[in-house]
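Report on one structure; see the data block that follows.
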Amino acid sequence: MTANLTTRSVEGSAESALRLLQGSNTRLVSIFGSVDESGARRVHYLADVNREYRIVSVPVTGALPSATRVSPAAAWYERELHDRFGIEIEGHPDLRPLVAHPAEYTFLQTQGVGVCELPVGPVHAGIIEPGHFRFSVMGDSVLHLELRLFYTHKGTEKLFEGAPVMNGTALAESVSGDNCFAHAVAYSQSVENAFGISVPPRGRAIRLIGLEFERMMAHIADVGALCGDVGCVVPAAYTARIKESLLQASASCFGTRFWRGIATPGGVKRDLSAENARQFGMAIAQAAADFAGMAHIVLDTPSVMNRFEGTGVLDNKIACDLGAVGPVARASGVRGDVRHDHPYGHYRKITVETPHFQQGDVLARARMRIEETRVSARLIQETLHDLAAGIIRTPVPTDASAEGFSAVESPRGELLYWIRVRDGRIARCHIKSPSFQSWPCLPYAVAGNISADFPLVNKSFNLSYSGCDR
């Protein structure tokens, strides 16, 4: 069984790419550039069409027509193309620099009597990475919010170039620290997909355990952080204790707290004994039960519900138009989950329950994480119970040339890697972080709320600065 997905890649024109995006049941996944061995530039349009990923590769011979008129989600991708590859985009509504910060930058302005601007960041009070939020407010009400990110653009995709293909996982793990295993698996699967490598069943199962463990940790911490933002400090402290118990169980049974250094092209590097599997299963069951009990108390606390319910609503149509993914999208009624729609690895053998809500508010996003934690705990227990025997890794050719693509459902949603390998070294690596796709939705959820609720709404999205900046 090869790495993951059915992916059709074809040569085409910009017009054919736009026709693809206009199709019914089509969702834009990414637009990215590359430069081949001769120095010729290409733009790759990646779409999900009826649960099949399709790539149209377009040679750049001049300006390209903007895809924003058929898919508003294309806006940031095309701004990045313009910044990084110097590609002119005709008809784009806003080609201000996105990644490359100029000395002077003009923010959009909302004008009127009584309207003022409230700048927040890029330096924040917490231990987080920089991002600037420019609010236009009237009194306490937010009329408009403009984001500016990429203050710490690391050029990670460029760092991949020239690296041996087996060294890529360490770079992938550095993109977004709290989702490091999802990044490592997505990168590894892109290599496996490129070379047609089959991962052993036991290796696939251990990957699922790690992916769902990482999801549990992220969601438990997120719910606790939301409680902390509204002054409900007991659940915030309690969830921190649950997360730490999971980290200690992981360290005891797998030798790592955050699953760094485990995923690798061809499988995984570490196995676990029957006793460790039993102990880890017990820790997962205990943590899931503790969290479910605490979540019930949180959702029955009137002061918490007063702050969560109806706050930061992301409308379903906006979520669809801007291509939101993950819990943010599913809380607004957008049913999309890579594990279900494009099953990969061990997910091909099982059925994944995908909760969703319609309200699109802070409460819905909290409930999404509570429900997904329950599902993750069940998947881990079932996989541990039926863990296949055998080897955990398959050899990978170290001098081959190919192109590969992979997507996984990270805790924040659809995460993908596309790689081009030449003679065993990476010539190009494109990373689509789920945060890059969901950040543009945040201003729409904040508008109409009071400025004091922004930290709560932002926390309910919990997008990654580092994953987006990459």
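The values are calculated or read from the model by the stated rules, or taken from the named source; none is laboratory data. In this text the structure is predicted, and so the values were computed from the model without any measurement. Note: ideal-geometry Cβ built from the backbone for every residue, glycine included; neighbour counts use all protein chains shown.
Since Thr239 meets every condition but one in (1) in contact with a Gly (Cβ under 7 Å, 6 or more places away or on another chain); (2) without any contact (Cβ under 8 Å) to a residue 24 or more places away in the chain; (3) crowded, with 17+ Cβ neighbours inside 10 Å, which condition does it not meet?
Exception for Thr239: condition (2).
In segment 428-468, how many residues are in contact with a Pro (Cβ under 9 Å, 6 or more places away or on another chain), at pLDDT 95 or above and under 20 Å from Ser190 (Cβ atoms)?
1
Take the conditions assigned to a helix (DSSP H, G or I), assigned by TED's automatic domain parsing to the domain that holds Thr383 and not aliphatic (A, V, I, L, M) and apply them to Phe291. Does it pass?
On the way: assigned to a helix (DSSP H, G or I): yes; assigned by TED's automatic domain parsing to the domain that holds Thr383: yes; not aliphatic (A, V, I, L, M): yes.
Spelling it out, Phe291 is indeed assigned to a helix (DSSP H, G or I), assigned by TED's automatic domain parsing to the domain that holds Thr383 and not aliphatic (A, V, I, L, M).
Within segment 446-464, how many residues are surrounded by 20 or more Cβ atoms within 10 Å (Cβ to Cβ) and of a type in the set (Val, Ile, Thr)?
Qualifying residue count, segment 446-464: 2.
Considering only segment 392-412, how many residues are outside any loop (DSSP other than H, G, I, E, B) and either outside the structural domain of Cys429 (by TED's automatic domain parsing) or surrounded by 23 or more Cβ atoms within 10 Å (Cβ to Cβ) (or both)? Lay out the reasoning, then the answer.
As a first pass, look at segment 392-412 and keep what is outside any loop (DSSP other than H, G, I, E, B): 393, 402-410.
Of the ones still in play, those that are also either outside the structural domain of Cys429 (by TED's automatic domain parsing) or surrounded by 23 or more Cβ atoms within 10 Å (Cβ to Cβ) (or both) are 404-410.
Residues meeting the conditions: 7.
Under 6 Å between Cβ atoms, at least 6 apart or on separate chains: pull out the pairs that start in segment 91-110 with a residue that is of a type in the set (S, T, N, Q) and end on any residue that is surrounded by 13 or more Cβ atoms within 10 Å (Cβ to Cβ).
Qualifying pairs under 6 Å: Thr110/Ser136; Thr110/Leu143; Thr110/His144.
crowded, with 16+ Cβ neighbours inside 10 Å and under 24 Å from the mean Cα position of the chain (by Cα): does that describe Gly266?
Working: crowded, with 16+ Cβ neighbours inside 10 Å: yes; under 24 Å from the mean Cα position of the chain (by Cα): yes.
Spelling it out, Gly266 is indeed crowded, with 16+ Cβ neighbours inside 10 Å and under 24 Å from the mean Cα position of the chain (by Cα).
Within segment 14-28, take every residue that is in contact with a strand residue (DSSP E or B) (Cβ under 8 Å, 6 or more places away or on another chain) and modelled with pLDDT under 90 and give me the one that is surrounded by the fewest Cβ atoms within 10 Å (Cβ to Cβ).
Restricting to residues being in contact with a strand residue (DSSP E or B) (Cβ under 8 Å, 6 or more places away or on another chain) and modelled with pLDDT under 90, the top hit is Asn25.
Which one of these is part of a loop (DSSP other than H, G, I, E, B), in the same structural domain as Thr169 (by TED's automatic domain parsing) and surrounded by 16 or more Cβ atoms within 10 Å (Cβ to Cβ): Gly231, Gly224, Gly261? First the steps, then the outcome.
Details: Gly231 fails: surrounded by 16 or more Cβ atoms within 10 Å (Cβ to Cβ); Gly224 fails: part of a loop (DSSP other than H, G, I, E, B).
That would be Gly261, the only listed residue that is part of a loop (DSSP other than H, G, I, E, B), in the same structural domain as Thr169 (by TED's automatic domain parsing) and surrounded by 16 or more Cβ atoms within 10 Å (Cβ to Cβ).
List, please: which pairs have Cβ atoms under 9 Å, are six or more places apart or on different chains, and start with a residue in segment 376-391 that is part of a helix (DSSP H, G or I) and end with one that is modelled with pLDDT of 95 or more and among the hydroxyl-bearing types (Ser, Thr, Tyr)?
Within 9 Å, the pairs are Leu379/Tyr347.
Right, Asp271: charged (D, E, K, R), in the same structural domain as Leu387 (by TED's automatic domain parsing) and touching a residue at least 60 places away in the same chain (Cβ under 8 Å) or not?
Numbers: charged (D, E, K, R): yes; in the same structural domain as Leu387 (by TED's automatic domain parsing): yes; touching a residue at least 60 places away in the same chain (Cβ under 8 Å): yes.
Against the criterion (charged (D, E, K, R), in the same structural domain as Leu387 (by TED's automatic domain parsing) and touching a residue at least 60 places away in the same chain (Cβ under 8 Å)), Asp271 qualifies.
Give me a count of the residues in segment 173-220 that are in contact (Cβ under 8 Å) with a residue 40 or more places away in the chain, small (Gly, Ala, Ser) and out of contact with any strand residue (DSSP E or B) (no Cβ under 9 Å at 6 or more places or on another chain).
Final tally of qualifying residues: 2.
Out of the helices (runs of 4 or more DSSP H) lying entirely within segment 93-203, which hold 1 or more residues that are in the same structural domain as Pro395 (by TED's automatic domain parsing) and aromatic (Phe, Trp, Tyr)?
Numbers: elements: 156-160, 168-173, 180-195.
The helices (runs of 4 or more DSSP H) meeting that bar are 156-160, 180-195.
What tally of residues in segment 413-458 results from selecting those that are touching a helix residue (DSSP H, G or I) at 6+ places or on another chain (Cβ under 9 Å), outside any strand (DSSP E or B) and of a type outside the set (A, V, I, L, M, F, W, C)?
So the answer is 12.
Tally the residues that are more than 24 Å from Leu463 (Cβ to Cβ), surrounded by fewer than 21 Cβ atoms within 10 Å (Cβ to Cβ) and touching a residue at least 60 places away in the same chain (Cβ under 8 Å), restricting the search to segment 282-339.
So the count comes out to 5.
Could you please give the count of residues in segment 31-48 that are of a type outside the set (A, V, I, L, M), more than 18 Å from Pro72 (Cβ to Cβ) and either without any contact (Cβ under 8 Å) to a residue 40 or more places away in the chain or touching a Leu at 6+ places or on another chain (Cβ under 7 Å) (or both)? Lay out the reasoning, then the answer.
Narrowing segment 31-48 to residues of a type outside the set (A, V, I, L, M): 32-34, 36-39, 41-42, 44-45, 48.
From the residues that got through so far, the ones that are more than 18 Å from Pro72 (Cβ to Cβ) too are 33-34, 36-39, 41-42, 44.
Those still in the list that are either without any contact (Cβ under 8 Å) to a residue 40 or more places away in the chain or touching a Leu at 6+ places or on another chain (Cβ under 7 Å) (or both) too: 33, 36, 38-39, 42.
Qualifying residue count, segment 31-48: 5.
Scan segment 248-258 residue by residue and report those that are surrounded by 16 or more Cβ atoms within 10 Å (Cβ to Cβ) and in a helix (DSSP H, G or I).
Residues satisfying the conditions are Ala249, Ser250, Cys253, Phe254.
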